[in-house]
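The values are calculated or read from the model by the stated rules, or taken from the named source; none is laboratory data. Quick caveat: nothing in here was measured; it's all calculated off a predicted structure. All Cβ positions, glycine included, derive from the backbone under ideal geometry; neighbour counts span all protein chains shown.
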Amino acid sequence: MIKVYCKNMSLSETLLSGQCFRAHQLEDDSFDVVLSDRVINVKQVGEFLHVTSNNSHNLESVVIEYFDLSRNYDLIIDNLCKENVDFSDVLNCCRSYRILKQNELEMLVSYIISQNNNVKRISNSIETFCKLYGKKIMFNKKEYYLFPSYDTIIKLTLDDLIPIKIGFRDKYIISMIEFLKNHKDFVAEIKNMNTTEALNYLMVIKGVGLKVASCILLFGFDRFDVFPIDTWVMHFVENYYGLKGNIKEISNFLGNKFNNNVGLCIQYMYHYNRNIK
DNA sequence: AACCAGGTTATAA
DNA sequence: TTATAACCTGGT
């Protein structure tokens, strides 16, 4: 077991907020979480995370990256509070919430599935997908399945997707697969792009619009200058700022307000509206 | 029994 | 260029 310092972070708030579809809460309030290459059990004890895993190789750095522990959220939030006093109560409510750095390919598939869908069904679909096509991991006498590899995913057909129960989104996954076949190194490619380039690159895939592409960049590539505006955020802006408009108008409003941290702030709005208020 | 869900696409005005 | 219907499916 290793202990990792996680000042001012809330594990449960972070994992249960809806950004991650593969965290399992256990009776002792710890979580089993399936990461890219391993399963971890993580429990918060004060300002530390106690972590075990089936694979202890580089475990500390893996945990630090996944929970984004090297970023100074207090500093970011303090600065945002100064610039946006009218938003400070939301910011302060979200101080212990972290943006996870999740697997890129998993984010791509997960957020394509997420459109016009609910969290429970999304989780079920992803779980089935992993069970069918991912590598099995035994951890604490339980079965877990890693997210399927690139090489496995690009071989899948429309028929292979039937048991996943994703309805009309199946053709979008096929479009993604065709895209992936031509871009084996898409992760490295995106890392070398600015955010606008990366969004346009991803939106070539049928079923990936601005919202889904933004979520992929936010949760998979820790890009905070994106606009993951969904129905929850639209409701928040309407209730909180009395602003009604189309996505473009809301984007302009938020972009001018929050600049390079607009993605983080929008995620806080989502979190605040859906999980706190 | 409808209604809705972390949207996108295709079509029409 | 902007607005609106249609979309699989199961959870509530």
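Checking each residue in the range A:134-153 for being under 22 Å from the mean Cα position of the chain (by Cα) and assigned to a loop (DSSP other than H, G, I, E, B) picks out A:GLY134, A:LYS135, A:LEU146, A:PHE147, A:PRO148, A:SER149. When A:LYS171, A:LYS206 are checked against the criterion of being surrounded by fewer than 15 Cβ atoms within 10 Å (Cβ to Cβ), within 16 Å of DNA strand B (Cβ to nearest atom) and farther than 14 Å from A:GLU104 by Cα, A:LYS171 stands alone in meeting it.
Within the range A:75-83, identify whether any single residue is under 16 Å from the mean Cα position of the chain (by Cα) and in contact (Cβ under 8 Å) with a residue 40 or more places away in the chain, and answer yes or no. Walk me through how you get there before you give the answer.
Going through the range A:75-83, the residues under 16 Å from the mean Cα position of the chain (by Cα) turn out to be none.
Within the range A:75-83 (the criterion being under 16 Å from the mean Cα position of the chain (by Cα) and in contact (Cβ under 8 Å) with a residue 40 or more places away in the chain), the answer is no, since none of the residues qualifies.
The number of residues in the range A:224-255 being in contact (Cβ under 8 Å) with a residue 24 or more places away in the chain and within 9 Å of DNA strand B (Cβ to nearest atom) comes to 7.
In the range A:215-259, which residue that is assigned to a loop (DSSP other than H, G, I, E, B) and away from DNA strand C (no atom under 16 Å from the Cβ) is surrounded by the fewest Cβ atoms within 10 Å (Cβ to Cβ)? Can you show your working first?
Start the filter on the range A:215-259 by keeping residues that are assigned to a loop (DSSP other than H, G, I, E, B), which leaves A:221-230, A:242-246.
Remaining after also requiring away from DNA strand C (no atom under 16 Å from the Cβ): A:221-226, A:228, A:242.
Values: A:PHE221: 18, A:ASP222: 16, A:ARG223: 21, A:PHE224: 20, A:ASP225: 18, A:VAL226: 25, A:PRO228: 23, A:GLY242: 7.
Per the criteria, the residue is A:GLY242.
Just a yes or no: is a residue in the range A:173-184 more than 20 Å from the chain's Cα centre (by Cα) and within 16 Å of DNA strand C (Cβ to nearest atom)? The answer is yes, given that some residue of the range A:173-184 is more than 20 Å from the chain's Cα centre (by Cα) and within 16 Å of DNA strand C (Cβ to nearest atom).
Quick check, is A:ARG274 outside the structural domain of A:LEU108 (by TED's automatic domain parsing), of a type in the set (Lys, Arg) and closer than 29 Å to A:THR128 by Cβ? Walk me through it before giving the result.
On the way: outside the structural domain of A:LEU108 (by TED's automatic domain parsing): yes; of a type in the set (Lys, Arg): yes; closer than 29 Å to A:THR128 by Cβ: yes.
Criteria met by A:ARG274.
Provide a single number: the residues in the range A:146-186 that are within 11 Å of A:TYR133 (Cα to Cα) and of a type in the set (Asp, Glu). So the answer is 2.
Restricted to the range A:1-60, and to residues there that are under 24 Å from A:TYR270 (Cα atoms) and free of Cβ contacts under 8 Å to residues at least 12 places away in the same chain, the residue that is nearest to the chain's Cα centre (by Cα) is A:ALA23. Within the range A:157-166, the set of residues being within 12 Å of DNA strand C (Cβ to nearest atom), surrounded by 13 or more Cβ atoms within 10 Å (Cβ to Cβ) and either in a helix (DSSP H, G or I) or not charged (D, E, K, R) (or both) comprises A:LEU161, A:ILE164, A:ILE166.
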